[in-house]
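The values are calculated or read from the model by the stated rules, or taken from the named source; none is laboratory data. The structure displayed is predicted, hence computed values, not measured ones. Counting neighbours? That spans all protein chains shown, and the Cβs are built from the backbone with ideal geometry, glycine included. These area figures cover heavy atoms from the full protein model, side chains too; ligands, DNA and RNA do not enter into them. Shrake-Rupley method; radii C 1.70, N 1.55, O 1.52, S 1.80 Å.
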Amino acid sequence: MLITISGLAGSGTTTVSRLVAGALHLDRVPGGEVFRQLAAESGMSLAEFGEHAQHHPEIDRELDDRLEARAREGSCVIESRLAAWLASRAGLLAVRVWIDCDEAVRAARVAERDGTSPQQAEVDNTEREALEHARYHAVYDIDLEDRSPYDLVLDSTSASAAALADQVIERARATFG
């Protein structure tokens, strides 16, 4: 069983992926943890490595190679912006989920998580998303606005994480039995 969960910062991917992995007794593989592992292996802080990655597309490829290798093993929930694209391009059977959410709601969630203001979080989200959109297009020819690789496109603006997780679990059980 392979499930990918993707979405922009503050959309609820971490919470939903934890709930789904726990309910289905699957490993949870967050792309952010793999990124942190790469930073540690490089002897850089997360901030330094993030800046370094902006100018070194091979870092994205290494991250994605590791995520794809883990995806091929199955029995996991991979949380990463590009996880569905990776699974699709690798021809892997997966339930691929995108979680949408209103920008202001995402900013409020990120502000609470990061201890900043919602206004600053919205600015930070916008800047980060612009960089990611450009990088993913340049490195992979992927448009993050394209929802074609997803089996489920959910919206967490007003739905609870538990309700979203239930939908993912239902689809996974229907897909994998």
Alpha-carbon centroids, region 1-79 and region 96-170: separation in whole Å = 15
Max mean-square fluctuation residue, GNM over the chain, Cα-Cα springs under 10 Å, options 70, 113, 61 = 113
Probe 1.4 Å, protein heavy atoms only - accessible area per residue of region 1-151 in square angstrom = 49
Work out how far the C-alpha atoms of the chain reach from end to end along every principal axis, then list the three figures in whole Å, largest first.
-> 43, 34, 27
Over the chain, what percent of the accessible surface lies on carbon and sulfur atoms, probe 1.4 Å?
-> 50
Any residue on another chain or 5+ positions along whose placed amide H is under 5 Å from the amide H of residue 155 is listed here as 100
Taking amide H positions as placed in the peptide plane 1.01 Å from N, state which residues far from residue 4 in sequence (5 or more) or on other chains have amide H under 5 Å from it.
-> 78, 95, 96, 97
From the phi of every residue in region 140-145, what ³J(HN,Hα) in whole Hz does the Karplus formula 6.51 cos²θ - 1.76 cosθ + 1.60 yield, where θ is phi - 60° and glycine or proline is x?
-> 10, 6, 10, 9, 4, 7
Derived scalar couplings ³J(HN,Hα) [region 118-131; Karplus, 6.51 cos²θ - 1.76 cosθ + 1.60; whole Hz; x for Gly, Pro] = x, 5, 5, 4, 5, 4, 4, 4, 4, 5, 4, 5, 5, 4
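Taking the Cα centre of the chain as the origin, how large is its charge dipole in debye, to the nearest 20, when only Lys and Arg (+1) and Asp and Glu (-1) carry charge on their Cβ atoms? All intermediate terms of the calculation are to be shown ahead of the outcome.
Working: 18 positive and 31 negative charges, 138 e Å.
Rounded to the nearest 20 debye, it is 660 debye.
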